[in-house]
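This report refers to the structure that appears directly beneath it.
The values are calculated or read from the model by the stated rules, or taken from the named source; none is laboratory data. No experiment lies behind these values; they were computed from the predicted model shown. Every residue, glycine among them, receives a Cβ derived from its backbone with ideal geometry; neighbour counts consider all protein chains shown. Ligands, DNA and RNA are stripped out before the accessible areas are found, and what is left, the full protein with its side chains, is counted by its heavy atoms. Shrake-Rupley method; radii C 1.70, N 1.55, O 1.52, S 1.80 Å.
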Amino acid sequence: PAFPERLLALLVTLIFEIPVLLMISGGSDALCQLLGRHRYQLLVGFIPLTSAISGNVGLQASTLTTRAISHEHVTPRSYMVWFAAEVGAAAYLGVGMGCVLGGIAFVASGFDWPFGVTIFVAQFISVVTAGVTGTFAPLLLSFIFRQDSGKWGGPLETAIQDIVGSFAMVIVSYHLLVLLGHDAPVAANDRCGGRG
């Protein structure tokens, strides 16, 4: 009996993930032109890292919230205190992991500080979003919809985290790099669409 509902949850996740596919496959041409192929590939390489880290934060928040609900540490009367504490924890985690990944990006990009700052910001946005969705989904599903957050929380959290994380990595990164005056030269053999 659990199979159809679990399969349905996976299919819902797949449908919600299609914008991520479109964003990465077609919405990032301007970013590639700005960065050059090498740095663009480096940036795209950070997408699974930010996704895994934010997914872990979301899973931690969801698990802790679900357990707190089941042990009645969180109730419809006290959920805002819990929610604020978890979002605060996610913000701290976002700064910490943003610094780590931003530092790695800074070094890996040949000490390109706008690139490092951009990865920091994208990681921060992804982690905070994961903390919000990971905490909010069990609260919403348990208190409002009276559903099993174990089955339906995952698709909601995963889809939102991936869409926001990919948006931060592709769209926000482009605008942030332009704002920060990213002007690292792109060699002729490193231009997107060129051979090299």
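Within the chain, 99 have no other Cys Cβ under 4.7 Å of their Cβ and so lack a disulfide-compatible partner by this rule. Computed from label points 7 Å out along Cα-Cβ, the spacing between residue 3 and residue 99 is 5.0 nm.
Per-residue packing, averaged as other Cβ atoms within 10 Å, sorts the ranges 100-108, 78-86 into the order 100-108, 78-86, beginning with the highest. Working from Cα pairs under 8 Å separated by at least six residues, relative contact order for the chain is 35 percent. In terms of packing, defined here as the mean over residues of other Cβ atoms within 10 angstrom, the peptides 13-26, 45-58 line up highest first as 45-58, 13-26.
Spatially, region 1-60 and region 71-125 are offset by 18 Å when compared through their Cα centroids. Looking at the chain, the accessible area is 54 square angstrom per residue; that uses a 1.4 Å probe and ignores ligands, DNA and RNA. In the chain, which longest range has no trypsin sites (Lys or Arg not before Pro) that are both DSSP loop (not H, G, I, E or B) and surrounded by at most 11 other Cβ atoms within 10 Å? The reported range is 1-76.
Of the DSSP H helices in the chain, those that are both long (alpha-carbon extent of 27 Å or more along the helix axis) and hydrophobic (Kyte-Doolittle mean at least 0.5) are 2-26, 79-108, 113-139. Using a probe of 1.4 angstrom, how much of the accessible area of the chain is carbon and sulfur, in percent? Carbon with sulfur: 70 percent of the solvent-accessible area. If R₀ is 22 angstrom, what is the calculated FRET efficiency for the pair residue 87 and residue 52, using the beta carbon separation as r and rounding to 0.05? The pair residue 87/residue 52 has a calculated efficiency of 0.60.
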